[in-house]
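Notes follow once the structure below has been shown.
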Amino acid sequence: MKFSKVDDFVTAEGLPSLPGQILTILGELGRTSAMDYTILQKIQYDPAIALSVLRAANSPLYGYASRISSLQQAAGLLGPGAIRNIVLTTPILERYQDNDGFHSPLDHSKLWLHMTVTAALASGLARCLGHSETDIFFTAGLIHGVGKISLAAYRPHSLLEGVQLAKSEEMTLIDIEQRTFGFTHVDIGVRMVEAFGLPEQLIGVLKNCYSSRNEDLLGQLSGVVCLARNLANSWGFEDGIYDGALLGRDRLFSVLKVTEHDLEGWLPQLRENVDLVVQAQEG
Amino acid sequence: MDKDRFEKLKKQEVNVIRSLLKKQNEMLGQSLLHLDHLIYLQKSISLMSLADIFKVLAGKLPYILFIRYFSLFLFDKNKKALSLACHNHPGLTEKIVLRQGDSEIMDEAIARGSYVLESDYAQSRFFHGTTNSLFEHNFFLTIPLMIENEIIGVLNLNDNEKGNFNVTDLDYFLNVSEFISLSISNAQSFEKAERLSVTDGLTGLTNRQHLEAALMSEIFRSRRYRSPLSLVMMDVDYFKGVNDTFGHQEGDDVLVSVASIIKSLCRSHDVAARYGGEEFVLVLPETNGSGARNIAERVREEVESHRFSHEGKVHSVTISCGIAELDIEGDQSFSDLIGVADGALYQAKTSGRNRTILGGGDEIFKGG
């Protein structure tokens, strides 16, 4: 069976993206010169394309001195021409290709929106916490769920079965995946970003975001992304794929050394960030 | 989700994918075409001669860029001048050299170090009442040709079938301009290295190594076509005294000035060389001893009348000349001919300097 091992998900062509999403970006690119560095604004709402850009920036082909953690930095180093080609060759995710009567309740748009809202919140939280490299927090938020996206793209049936089992047995999705497939969407995401040469700090985020077992390993970057994910869910921007692995806020407040009161003070600014992202996505 | 809803969404997505595939097909097709042209251009202009590169560009660039007209100017940063190197404008044959201020568009591209694109020339700030009747469409693009942030030229593009340049065209043009810049720069470096390998670094005259090759070639040619050939060897009199009195920098300046006088009196096919130290050699094809004597005397007189100025003090120098004429019936070699001229020069030195002696005879021409 194809995609039966973790390594099967590390495809040469990279993660597929939603056809409408690619079409919109290509339309924009047709009106934008490859000399125009505002191209970043057009790709920052797509986790699949973001991952491909980071993959290219961290590849030996370009051979930059250090690992690239931020989409912004990657875009600046690669230049608009290279990014244009990445978008142009992004595989298309076909959601309704089944002819066997399987009706997928997976809402991929929701999954994509959850990633971008988490990115915006992670970036906003980082700013509130006084971090200077908010672009890295944004990037980490954007790609934190690439394992889930990959499973949703290549094995949607299995993912849905796993979700059903997790709900009925009141277990986390990764425990069910481990039992059923022998690997989890977290393993897929981690394997992908490792294979693509992404830096350790981003790998750490992917490891921690869906696993309550890794609580002790939480650092600032993972903690902020987990809190962003928590907020995104509570504001109605769930990814639509139940995983039962949302870390509690108390634990995250303790990791980040903030209080509920602090967060309340930041909410108006964070809400503004999210509104901007949602408008851009919908617009 | 019921079956009908699923079918509806599926249909919607099929339509989006169809549009997407069309768009991808169009963009990838254009990219492939551009890539194909770029590779072809790169192969065509991987040449070491600027003249050859410009010849290729004049013929092929309009087809490679899908444009009607272009002109390429080389930029001399020292003179701040742009000289027309190649173009495909019909009827334009004269040599064009533009100084700063002559072309606002190109000046702007050079100053900014980036392209200038105007979709309507008549509406642009560069318009001063005249348009080129050749152009059907009123837009233009000027791209500075750069190597490592140094501007080596400017490429002007005008007119195409479509009637406009879009951003994809622009990106392609910019990529092409980088290839052109690289080829031109490589050829310029090669030609410079080639020039330096045969040129004396101080005076700009032919160096001794190349003189030998040039003289041997002239000897061969002279015998083959039975045409006269003469050689003049010149030496600056009391040059050591110039160095001792005014310093070595002034000594170098004297050598440069003497070389400049020699060059100015040379004909186009003569070879003027620095033989070593303060010695110069002039190879004069199609010239017998008498003609060589006239030329040597003109040089000697010109040098003698030249006034050098050093820190407010005016001084002058003289030269002595020895001439050798090739015996086209004989078997004189390069060194034999040099030997005769050297002997005559020695004679000129020992008989009082500032004079010309024809080797193999007793004629002495003394100036002053």
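One table, with the values for the structure above:
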read-out: Long-range amide H partners of B:Thr199 with built H, under 5 Å; value: B:Asn207
read-out: Solvent-accessible surface (1.4 angstrom probe) belonging to A:Glu169, in square angstrom, nearest 10; value: 80
read-out: Residue-level accessible surface for B:Ser260, protein heavy atoms, 1.4 Å, Å²; value: 60
read-out: Mean Cβ count within 10 Å, highest first, over the residues of peptides A:77-83, A:270-276, B:191-197, A:181-187; value: A:181-187, A:77-83, A:270-276, B:191-197
read-out: Zone of B:Arg353's modelled label, taken as backbone nitrogen in the range B:231-259 under 14 Å from a point 7 Å along Cα→Cβ; value: B:235-246
read-out: Placed amide H near B:Thr356: partners under 5 Å, 5+ positions off or other chain; value: B:Cys321, B:Phe365, B:Lys366, B:Gly367
read-out: Separation between Cα centres of the range A:261-283 and the range B:92-114, rounded to whole Å; value: 51
read-out: q = 0.06, 0.10 Å⁻¹, the protein assembly as shown: log10 I(q)/I(0) [Debye, one scatterer per Cα]; value: -0.58, -0.97
read-out: Overall Cα dimensions of the range A:108-282, principal axis frame, Å, largest first; value: 43, 36, 33
read-out: Viscosity 1.306 mPa s, 10 °C: Kirkwood-radius Stokes-Einstein D of chain B over Cα pairs, µm²/s; value: 62
read-out: Karplus-derived HN-Hα couplings along the range A:4-9 (A = 6.51, B = -1.76, C = 1.60, θ = phi - 60°), whole Hz, x at Gly and Pro; value: 9, 10, 4, 5, 4, 7
read-out: Most to least accessible of A:Arg249, B:Arg355, B:Arg298 (protein chains only, probe 1.4 Å); value: B:Arg298, A:Arg249, B:Arg355
read-out: Distance from the range B:200-247 to the range B:293-350 (C-alpha centre basis), Å; value: 10
read-out: Largest-first ordering by accessible area, 1.4 Å probe, given options B:Arg223, A:Arg84, B:Arg307; value: B:Arg307, B:Arg223, A:Arg84
read-out: Options B:Val271, B:Ser351, B:Ile323, ranked by Cα towards positive dipole end of the range B:208-366, top entry (Cβ charges); value: B:Val271
read-out: Cβ neighbours within 10 Å from other chains - mean over B:173-179; value: 1
read-out: Accessible area of the range B:27-193 belonging to carbon and sulfur atoms, whole % at 1.4 Å probe; value: 52
read-out: Peptide ranges A:49-59, B:72-82 listed from the most packed, as the mean C-beta count within 10 angstrom indicates; value: A:49-59, B:72-82
read-out: About the Cα centre, charge dipole magnitude for the range B:226-368 (Lys/Arg +1, Asp/Glu -1 at Cβ), debye; value: 360
read-out: Å² per residue, accessible surface of chain B at 1.4 Å; value: 52
read-out: Within the protein assembly as shown: Cβ-based charge dipole about Cα centre, in debye rounded to nearest 20 (Lys, Arg +1; Asp, Glu -1); value: 580
read-out: Per-residue ³J(HN,Hα) for the range B:135-148, Karplus 6.51 cos²θ - 1.76 cosθ + 1.60, θ = phi - 60°, Hz, x for Gly and Pro; value: 7, 7, 10, 9, 10, 8, 9, 10, 10, x, 8, 10, 10, 6
read-out: The range A:132-171 residues near the modelled A:Arg251 label - backbone nitrogen below 13 Å, point 7 Å along Cα→Cβ; value: none
read-out: Shielding by other protein chains, B:12-24, mean Cβ within 10 Å; value: 5
read-out: Charge dipole magnitude, Cβ of K and R +1, D and E -1 - chain B, Cα centre, debye nearest 20; value: 1060
read-out: Under 5 Å, built H, 5+ apart or other chain: amide partners of B:Ile152; value: B:Leu145, B:Met146, B:Ile147
read-out: Accessible area that becomes buried as A packs against B, both chains, 1.4 Å probe, Å², nearest 100; value: 2200
read-out: Where labels lie 7 Å past Cα in the beta-carbon direction, separation of B:Lys95 and A:Glu264 in nm; value: 8.4
read-out: Phi-based couplings in Hz for the range B:96-108 (Karplus 6.51, -1.76, 1.60; Gly and Pro marked x); value: 10, 10, 10, 9, 4, x, 6, 10, 4, 5, 5, 4, 5
read-out: Per-residue mean of C-beta atoms belonging to partner chains within 10 Å, peptide A:85-96; value: 3
read-out: Label zone at B:Ser83, where the point sits 7 Å out along the Cα-to-Cβ direction: the range B:39-70 residues whose backbone N lies under 13 Å; value: B:50-51
read-out: Heavy-atom accessible area order for A:Lys207, B:Lys10, B:Lys162, largest first, 1.4 Å probe; value: B:Lys162, A:Lys207, B:Lys10
read-out: Taking all pairs of distinct alpha-carbon atoms in the range B:207-327, Kirkwood radius in angstrom; value: 14.9
read-out: Residue-averaged 222 nm ellipticity for chain B, from DSSP H runs of 4+ at -39500 (n - 2.57), nearest 500; value: -16500 deg cm²/dmol
read-out: Long pairs among A:Lys42/A:Lys110; B:Lys43/B:Lys79; A:Lys42/A:Lys257, criterion Cα-Cα beyond 25 Å; value: B:Lys43/B:Lys79; A:Lys42/A:Lys257
read-out: Spacing of the two label points (7 Å from each Cα toward its C-beta) at B:Ser316 and A:Ser59, in nm; value: 7.5
read-out: Inter-site label distance for B:Glu7 and A:Glu170 at 7 Å from Cα along Cβ, in nm; value: 4.2
read-out: Dimensionless Rg ratio for the range B:1-157, taking C-alpha atoms and the 2.2 N^0.38 Å reference; value: 1.48
read-out: Angle between chain B longest axis and helix B:248-265 axis [Cα atoms, degrees, rounded to 10]; value: 80
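The values are calculated or read from the model by the stated rules, or taken from the named source; none is laboratory data. Not measured: the values here are computed from a predicted model. Neighbour counts run over all protein chains shown; Cβ positions are idealised from the backbone, glycine included. Surface areas here come from the heavy atoms of the whole protein model, side chains and all, with no ligands, DNA or RNA. Shrake-Rupley method; radii C 1.70, N 1.55, O 1.52, S 1.80 Å.
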